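The values are calculated or read from the model by the stated rules, or taken from the named source; none is laboratory data. The structure displayed is predicted, hence computed values, not measured ones. Here the Cβ positions follow ideal geometry from the backbone for every residue, glycine too, while neighbour counts run over all protein chains shown.
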Amino acid sequence: MDRNIYSNPLAERYSSKEMLANFSPKNKFSTWRKLWIALAEGEKDLGLNITEEQLEEMRKVVGDINFEMAEAQEKKVRHDVMAHVHTFGTQAPKAMPIIHLGATSAYVGDNTDLIQIRDGLEILKKKIINILDAMSKFAMEYKELPTLGFTHFQAAQLTTVGKRTTLWMQSLVLDLEELEFRLETLRFRGVKGTTGTQASFKDLFNGDFGKTQKLDELVTEKMEFKKRFTVTGQTYDRKIDSQISNLLSGIAQTAHKFTNDLRLLQHLKELEEPFEKNQIGSSAMAYKRNPMRSERISSLAKFVISLQQSTAMVASTQWFERTLDDSANKRLALPQGFLAVDAILIVWKNIMEGLVVYPKMIEKHVMAELPFMATEYIIMECVKNGGDRQELHERIRLHSMEAGKQVKIEGKDNDLLERIVGDEYFNLDKEKLMSIIAPKNFIGFAKEQTEAFIKNEINPIIEKNRDCLGMDADLKV
C-alpha cells in the first residue's frame, strides 16, 4: 500500500472481502467480458456470422485482464469501455471484430451495475438473516426478564428485555421484506442500443424485431435475471439507484436506532456491548468501556442515510435518453452505500455474539420505579380487604410525594413500600405487599408476544433461509 495516497476506510477498516470483491475492478471488468460473450453467443444463435472459435477465444481470457494496457488505452482515448474493448480484443484477436457488436457503452456499464446490485443485495440478505437468528435467540433467552419500559426516556410500564429485542427485529424484518422485493423486481437493462431504440440491432437482424427481442431475452437469461426492462433510454432508469439507496438507508436507520437504545442502556449499566480483554476505552480515562461498536454503526449509518439524497438528485436531473452527470456519482454512491451497510451488519452481528446483560442492575432500576407504578394494584388489594378507595388513594398520594422527595431531593432510595407497610390503614405486611408488586405481574403479555413473534415471524424466515446461516463477524479494527 502506498502510504502517500488516500485509502478508503470502507476497504481498509470496515467492509467484508466478499462485498469488496463484488465492487472490485476485477469483478467489474470480468463481468463486462461475460456480457460481451453473452451478447456474441446470443447473436450467433440468432444467425449472425460469429464462430465458435471466436467465442472460445473470448472465454479463455474472460478473467485474464491486462489492467495496465486498459489503463494506458483509457488515458489515450478517454473512454473506459473502448479501452477495455481494445484490451479484450488484443487478448482475443480473432474475436476483435465482433466484440461489443451493436452495443453501446451502457450495455456493459449499466448491466454490470445491476448485476453488482443484485449480488450485493444477496450478500446483505445473508448478513441480515444471521443477525435475526442471533437476536431471536437473545430474545427468547430474556423473554421473561422484566425491565423498565421508557417513553420519552422516562420510566413507563414494564416490558421485558426479550420483548424490547423484538422491536429492533421488527424494523429489520421490514428491511428484509423490502430487500427481497427489490431482488424479486430488479430488472436487467438488456440489449437496447444507443438511445434504447435497438436501431443497431434492427440493422444487424435486417429489420427483424422478433430476433432483436429474442436477443434481449437470451442475454437476460444468460445473466440470470428473471425480469428485464421492456423500454429504456441509453441507460436503465436511474430511479432504480434511488430505490436501492432508499433500501440501504432503511437498513442504516434500523441499525442506528438499535445503537441509540443500546448506548442508553449501557449508560444505565443494564446491557453492554462486548469489550475485549485488551481493548482500550479511553486514552486518558483507563476505566472507561466506551460503546465503540455501537458508535461505529451509528457513524456509518449517518453516512449511508446521507447518500440517499445523492441518488435521488441523479434520478431527478437526468435529461431525455441520458446525460453523463450520473457517472462519477454512481461510481461513489452505490458501491460505498453497499460497503458501509455491509460493515454495519458485521458490527451488529459482532455485538449480538457478545451482548452482556446485567439482571441485577435491571432489577434495581425496576424496583426504584415500580412502587409508584403499582399503587393502583395496592389500592385494589386493600379495597378487597374493606378499605375505602378514596382514603387509600389520598394516603398513597401523600406517601408518594414524600417518597419522591426522598429520591429527587435527598438522593435516597425509594421508600414508598416501607411507608405503606408502616401505615396501619393499609393493613398489609411486607410479604403480602411484595407479592402484589412482583415485577412479573406488570409485564403484560410481553413474554407471550415475544414467543409469538419469534414463532410466527422469525422462525419461518430462518427456516426458509437456513443456507444463509454462518457468518464471520470478526472486526478488522
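For residues in segment 14-45 being of a type in the set (A, V, I, L, M) and within 32 Å of the chain's Cα centre (by Cα), which is nearest to D342 (Cα to Cα)?
In the first step, residues of segment 14-45 are kept if they are of a type in the set (A, V, I, L, M); the result is 19-21, 35, 37-40.
Now drop any that are not within 32 Å of the chain's Cα centre (by Cα), which leaves 19-21, 35.
Working: M19: 7, L20: 10, A21: 12, L35: 26 Å.
The selected residue is M19.
Determine which member of the set M169, M223 is in the same structural domain as L114 (by TED's automatic domain parsing), within 25 Å of Q318 (Cβ to Cβ) and surrounded by 14 or more Cβ atoms within 10 Å (Cβ to Cβ).
Details: M169 fails: within 25 Å of Q318 (Cβ to Cβ).
The unique qualifying residue is M223.
Quick grid of which residues meet (1) more than 22 Å from L132 (Cα to Cα); (2) in contact with a strand residue (DSSP E or B) (Cβ under 9 Å, 6 or more places away or on another chain):
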site: L428; (1), (2): yes, no
site: I436; (1), (2): yes, no
site: T450; (1), (2): no, yes
site: M471; (1), (2): no, no
site: V477; (1), (2): yes, no
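Is there any pair with a first residue in segment 447-469 that is charged (D, E, K, R) and a second that is outside any helix (DSSP H, G or I) whose Cβ atoms are under 9 Å apart and which are 6 or more apart or on different chains, and what are they?
K447/K143; K447/E144; K447/T160; E448/K143; E451/K143
Which count do you get for residues in segment 1-40 that are acidic (D, E) and in contact with a helix residue (DSSP H, G or I) (Cβ under 6 Å, 6 or more places away or on another chain)? First the steps, then the outcome.
To start, the set of residues in segment 1-40 that are acidic (D, E) comprises 2, 12, 18.
Retained after the next criterion (residues that are in contact with a helix residue (DSSP H, G or I) (Cβ under 6 Å, 6 or more places away or on another chain)): 18.
Going through segment 1-40 one residue at a time, the tally reaches 1.
Considering E141, E184, which residue is among the charged types (D, E, K, R), surrounded by fewer than 17 Cβ atoms within 10 Å (Cβ to Cβ), at pLDDT 95 or above and within 28 Å of K360 (Cβ to Cβ)? Show your work before the answer.
Details: E184 fails: within 28 Å of K360 (Cβ to Cβ).
Every option except E141 fails the conditions.
Among what's in segment 195-225 and is assigned to a loop (DSSP other than H, G, I, E, B) and in contact (Cβ under 8 Å) with a residue 12 or more places away in the chain, pick the residue that is farthest from Q336 (Cα to Cα).
Of the residues in segment 195-225, the ones assigned to a loop (DSSP other than H, G, I, E, B) are 195-198, 205-208, 223-225.
Right, trim to in contact (Cβ under 8 Å) with a residue 12 or more places away in the chain and you get 195-196, 198, 205, 223, 225.
Working: T195: 29, G196: 29, Q198: 33, F205: 40, M223: 24, F225: 24 Å.
Among those that are assigned to a loop (DSSP other than H, G, I, E, B) and in contact (Cβ under 8 Å) with a residue 12 or more places away in the chain, it is F205.
Please verify whether segment 109-122 includes one or more residues that are among the polar types (S, T, N, Q), farther than 29 Å from T185 by Cα and not assigned by TED's automatic domain parsing to the domain that holds K60. Reasoning before the result, please.
In the first step, residues of segment 109-122 are kept if they are among the polar types (S, T, N, Q); the result is 111-112, 116.
From what is left, the residues that are farther than 29 Å from T185 by Cα are none.
No, every residue in segment 109-122 fails to be among the polar types (S, T, N, Q), farther than 29 Å from T185 by Cα and not assigned by TED's automatic domain parsing to the domain that holds K60.
Could you pull out every one of the helices (runs of 4 or more DSSP H) wholly within segment 366-477 that has 1 or more residues that are loosely packed, with under 12 Cβ neighbours inside 10 Å and of a type outside the set (A, V, I, L, M)? Can you show your working first?
Details: elements: 375-384, 389-408, 416-422, 430-436, 446-453, 459-464.
Output list reads 375-384, 389-408, 416-422, 430-436, 459-464.
With (1) in contact with a strand residue (DSSP E or B) (Cβ under 8 Å, 6 or more places away or on another chain); (2) of a type outside the set (D, E, K, R); (3) closer than 30 Å to P359 by Cβ; (4) in contact (Cβ under 8 Å) with a residue 60 or more places away in the chain as the list, and I240 as the residue in question, which single condition is left unmet?
It fails just one condition, (3).
Take the residues in segment 89-121 that are in a helix (DSSP H, G or I) and hydroxyl-bearing (S, T, Y); name whichever of them is farthest from G196 (Cα to Cα). Before you say what the answer is, go through the steps one by one.
Our first condition is that a residue be in a helix (DSSP H, G or I); within segment 89-121, this holds for 89-91, 93-98, 105-121.
In the following step, the residues that additionally are hydroxyl-bearing (S, T, Y) were identified as 90, 105, 107, 112.
On the way: T90: 29, S105: 12, Y107: 10, T112: 17 Å.
Checked segment 89-121; the qualifying residue farthest from G196 (Cα to Cα) is T90.
Are any residues in segment 267-313 of a type in the set (V, I, T) and either touching a strand residue (DSSP E or B) at 6+ places or on another chain (Cβ under 6 Å) or at pLDDT below 65 (or both), and if so, which ones? Step through it out loud before you land on a result.
Pass one, segment 267-313, residues of a type in the set (V, I, T): 280, 297, 304-305, 311.
I280 - this is the single residue of segment 267-313 that is of a type in the set (V, I, T) and either touching a strand residue (DSSP E or B) at 6+ places or on another chain (Cβ under 6 Å) or at pLDDT below 65 (or both).
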